[in-house]
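A short write-up of the structure that comes next.
The values are calculated or read from the model by the stated rules, or taken from the named source; none is laboratory data. The structure presented is a predicted model; accordingly, all values stated were derived computationally and were not measured. Cβ coordinates were reconstructed from backbone atoms using ideal geometry, including for glycine residues, and neighbour counts include every protein chain displayed.
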Amino acid sequence: LVDISTRWMSDLKEGVCPDAFWFDREHCCWSANDTLFYGDKCNAWHTWPELFGHYSEDGFAYFVEYWFYTWWALGLAGLAAIFVRIFAPYACGSGIPEIKCMLSGFVIHGYLGKWTLIIKTIGLVLAAASGLSLGKEGPMVHLTCCIGNILSYLFPKYGKNEAKKREILSASAAAGVSVAFGAPIGGVLFSLEEASYYFPLKTLWRSFFCALIAGLILKFINPFGTDQTSLFAVDYPMRWSYIELIPFIFLGILGGVIGTIFIKCNICWCRYRKTSSLGHYPIAEVLIITFITALLSFPNEYTRKSSSSLISQLFNRCGPEEIKYREVIGVTNSTSDISFGSLMNGTIWKLVLSLIFKIVITIFTFGMKVPSGLFVPSLAIGAIGGRLVGITMEWMALDYRDAWWWGIYCEPGKVCVQPGLYAMVGAAAVLGGVTRMTVSLVVIMFELTGSLEFIVPTMAAVMFAKWIGDAFDRRGIYDAHIALNGYPFLDNKEEFTLNSVAADVMRPRPGDLPLRVISQEGMTVGDIEELLRLTDHNGFPIVVSEDSPNLIGYVTRPTARKTQEGIVTDSLVYFSAVAPVGPEGPGRPVPLRLRKLLDLAPISITDQTPMETVIDIFRKLGLRQLLVTHMGKLLGIVTKKDVLVHLKELENEDTSTMLFI
């Protein structure tokens, strides 16, 4: 639905199919059996000037096309921003940073609700069709997680248990990548490597099953119209040589540098948006960026088309053996007589300008208040850079065909360089530099293109992209946005060496108010109501009494609130195994016994537990808090927030921007 709707709305910027307005350009041309093709034109599809009766390609026609392209882009992007602003603010962005936090135990109420699902689906179609430099693949993970969350409430085992629900969300993330790229195995590995915080074996096969079903449905629906699940299927006739590892590694280094620059600049711009008045006018920002994008992208044929179409063209294997390509670069009789012509130089300059434009405009686009992904724009940037390197290698192979290094593997009179392969490797390198993914990215690229033979060059480029990126900053774009938004997230790939213990981090600290607790006997419903009103804690420890703080258990805030509703405030509340026997009479309220609602085995640590162990417990169990005891007596509590604040203080970083919900 998203793919088909996006292609149709995107083509509306250039024209319409009069005989069947619901067809996009490609299906319109296919449906007309008597259509005559002239280059990239067909009689069944009418551009906007042609709809007004102007069939000549002159300045007026160009102006009309420019006008409609710009205004359609503004209208589509503006609608997406309005829907998000009014109906579902959580529908903006990629959603992957928030999904990662939720899979680590963080709860964002309403982020996976039905309104978010509906508005993000509509907004994603509108934003992607507007021509903004964004992708649909990241938000697809958010959409599938919304579906998984909604369906989990049909089964109380999963809907009422946050730990079980996270297993559903991990499988949903795998299904999202599977349908977005047609890469089921890549989706499972993406959930394992990038999205999920805790990934046991049962979650692995559940994710595999979800990705399998998603891939089968994708094959049945056939949204790409090619009877293939590979989004950018390629078929290169020649093999790569070991000497080409040098430019492949160079592409990896280039991808790491571009990824680092992109992350730094995008985070700086997003931080400025959060701290300036620009953040109060999200719709105006979307319209301004859309206008600049449409204004600058229309004159260049490579930026005018969608990012997916651009990637498909750059991955194309066209070379000197192709007739049209030979006409462009200049050829006399045979392949050995090929030389680059003026048209090819013009194409190179267009690609260079496209590369610069794509990098700059994506920096300002990602993070706006519309649904936006980063996979496809990153692939497009890398594909442009890789194609330029491939063209350079092709030129060297043609002009220096007699050099010894070409003679090792290139027979005289044959073309031995495939620029499309370099575009594919470059795309993987830039995406790896931006996201810092490795294994899952290589598998996704393999499933995207169906080219198992070229998996080694892709692996080399991705590894060098990660090494170069990690040399500047180990955080990928998603982890950087998590830190920017201040979400309580402990990266399970990061290692810590600390000299502190739990007592150094726990609360209450010296000078603080005593820890709020509930005594197992002697408190009334009114006392608990007052405790809930004065605090916003997620739960409360249960102790024997204030004078004897031996830990008995733990009760969550929702449980404490629900059990006291509709009960007389003077009623005594007992959490002990046996309620004390006292005088009862007609005027005395019935006591409330809540022993069965307690967590009688809350996870606790001693005050001398090393902080490395505390961090491992938080990361591996997905906890929100730990109780601290000494000889069985409650001393305090350590929350994930306390741990993150402690880590930032050790690094002398500002903790005022951290957000906790």
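General remarks:
- Taking the conditions (1) in the same structural domain as Ile249 (by TED's automatic domain parsing); (2) touching a residue at least 24 places away in the same chain (Cβ under 8 Å) in turn, Ile455 satisfies each one other than (2).
- Looking only at region 607-631, residues that are out of contact with any Leu (no Cβ under 9 Å at 6 or more places or on another chain) and either assigned to a helix (DSSP H, G or I) or surrounded by 14 or more Cβ atoms within 10 Å (Cβ to Cβ) (or both) come to 8 in all.
- When region 470-526 is limited to residues that are outside any helix (DSSP H, G or I) and among the acidic types (Asp, Glu), the one that is farthest from Thr435 (Cα to Cα) turns out to be Glu521.
- All positions within region 92-119 that are among the β-branched types (Val, Ile, Thr) and part of a loop (DSSP other than H, G, I, E, B): Val107, Ile108
- If you go through region 199-219 and pick out every residue that is farther than 11 Å from Ser172 by Cα, part of a helix (DSSP H, G or I) and of a type in the set (Phe, Trp, Tyr), you end up with 1.
- For region 14-22, the criterion of a residue being in contact with a Ser or Thr (Cβ under 7 Å, 6 or more places away or on another chain), modelled with pLDDT of 80 or more, surrounded by 13 or more Cβ atoms within 10 Å (Cβ to Cβ) and within 30 Å of Ile283 (Cα to Cα) is satisfied by at least one position.
- Hits in region 291-308 - residues which are within 21 Å of the chain's Cα centre (by Cα) and in a helix (DSSP H, G or I): Ser307, Ser308
- Candidates Trp71, Trp8, Trp30 - the one that is at pLDDT below 75 and in a helix (DSSP H, G or I): Trp30
- One residue from Ile99, Ile82, Ile108, Ile86 being at pLDDT 95 or above and of a type in the set (Val, Ile, Thr): Ile82
- Any hit, region 129-142, residues being farther than 14 Å from Cys92 by Cα, modelled with pLDDT of 90 or more and in a helix (DSSP H, G or I): yes
- Of residues in region 381-400 being charged (D, E, K, R) and either within 30 Å of Ile361 (Cβ to Cβ) or crowded, with 19+ Cβ neighbours inside 10 Å (or both), the one modelled with the lowest pLDDT: Glu394
- The set of residues in region 188-203 that are without any contact (Cβ under 8 Å) to a residue 40 or more places away in the chain and either buried (at least 24 other Cβ atoms within 10 Å of the Cβ) or not hydroxyl-bearing (Ser, Thr, Tyr) (or both) comprises Val188, Ser191, Phe199, Pro200, Leu201, Lys202.
- Hits in region 534-559 (condition: touching a residue at least 40 places away in the same chain (Cβ under 8 Å), part of a loop (DSSP other than H, G, I, E, B) and under 15 Å from Val638 (Cα atoms)): Asn538
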